[in-house]
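Accompanying notes for the structure given below.
The values are calculated or read from the model by the stated rules, or taken from the named source; none is laboratory data. This one's a predicted model, so the numbers in the text were calculated from it and none came from an experiment. Cβ placement follows ideal geometry from the backbone for every residue including glycine, while neighbour counts extend to all protein chains displayed.
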């Protein structure tokens, strides 16, 4: 039996049929929604000027393609993607696209956006993508770049963004807060994460990255000068003190022992010297640029951010479909009565089908995984519920082979009993009870399906 179509494919078909109606022919939003549903997950990087956003992007795309400087350099939204799609439809005619190969190519499209804290007109292009405007939802996920471990200027924005992008499936996890320039902060990453999470009520993922080291490792900036400089620093007594010395102090200690520019080259790819002692120690015995670059990449924590983005891409159908439904709703609110009625009728047809039930289950699985829903249960009990909610025949969106293999090991009866007791606790909040009810419904559905299969 053929697999059921993804929800994205169903939405794209509805959009194409709407575009065939004379009242909606050529509508650019419908055209872009249809295109978005067939593209990799659109992820937009947003942040203030000089937060290192473009440097972070260069690390993610493994190449020096995004312009970087202390001043404002990004003036329009640029989408970076793999060879497919070759010539993608973009949310706005003013956007650009760049084809390049990178670790997540084919799974995500990365958008670099103008910084928000300037007096120029450039931030308008970013704001159109963030909330309440004609392009809201054109990006299905967001990487918000913060600095200093603080969300003073972002707390309200994160909460608004979460509200605008949550959609009808109680979505969580499509917003990633990235603590950039982590080399400039003395705190442990775990402490930063706790503080950032405590400063806002929005639910988001978190990653901390030294984007200078990450970009250096992936753009060829770790060269023989870097290897020689680290080797020389390893011999200095000042490097073995209780704290890292400042760069000017190191310059005095090195003196003429290194050629001019070597130490400066290291400073440009490491940032603040706080991480220098650990880097010097970790690269001991390494004599090749490749080995040192590998250590740069490992220490930079860029892979932890890529793991988060990969996790989002695993649920691309959920995130993209949520964004598409939101865009269709906002489109209907902007249109004149007759074409608006056509769009609303299509939305009613879509939400009345079984296709969206799978999205509700996937969203619930993410709630169990990334929030305190299910708190008090064991990790095994929470994992079993997640696997059950992602069971391929639990909804039309299906699941991958790994989902199927994991789900086959679930003791459905045990899940039903445990989550029934969990739901009955009168102290559970409403969201936890709603998720528990969905787990129970899915477990009962699975037991009925299994019984019918055994009887036949």
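Can you give me the ranges of the helices (runs of 4 or more DSSP H) entirely in the stretch 337-404 with at least 3 residues that are in the same structural domain as residue 428 (by TED's automatic domain parsing) and at pLDDT 90 or above?
355-370, 379-389
Please enumerate the residues belonging to the stretch 287-302 that are farther than 21 Å from residue 56 by Cβ and at pLDDT below 95.
Across the stretch 287-302, the qualifying residue is only 287.
Check the stretch 323-330 and report whether any residue there is more than 24 Å from the chain's Cα centre (by Cα) and surrounded by fewer than 19 Cβ atoms within 10 Å (Cβ to Cβ).
The answer is no; no qualifying residue exists.
Do we find that residue 307 is assigned to a helix (DSSP H, G or I), in the same structural domain as residue 175 (by TED's automatic domain parsing) and surrounded by fewer than 17 Cβ atoms within 10 Å (Cβ to Cβ) in this structure?
The answer is yes for residue 307.
Test residue 224 against the criterion of being out of contact with any strand residue (DSSP E or B) (no Cβ under 6 Å at 6 or more places or on another chain), at pLDDT below 90 and over 25 Å from residue 323 (Cα atoms), and give yes or no.
Details: out of contact with any strand residue (DSSP E or B) (no Cβ under 6 Å at 6 or more places or on another chain): yes; at pLDDT below 90: no; over 25 Å from residue 323 (Cα atoms): yes.
For residue 224, the condition - out of contact with any strand residue (DSSP E or B) (no Cβ under 6 Å at 6 or more places or on another chain), at pLDDT below 90 and over 25 Å from residue 323 (Cα atoms) - is not met.
When residue 222 is evaluated against the numbered criteria (1) assigned by TED's automatic domain parsing to the domain that holds residue 284; (2) more than 30 Å from residue 109 (Cβ to Cβ), which criterion, by number, is the only one it fails?
So the condition that residue 222 fails would be (2).
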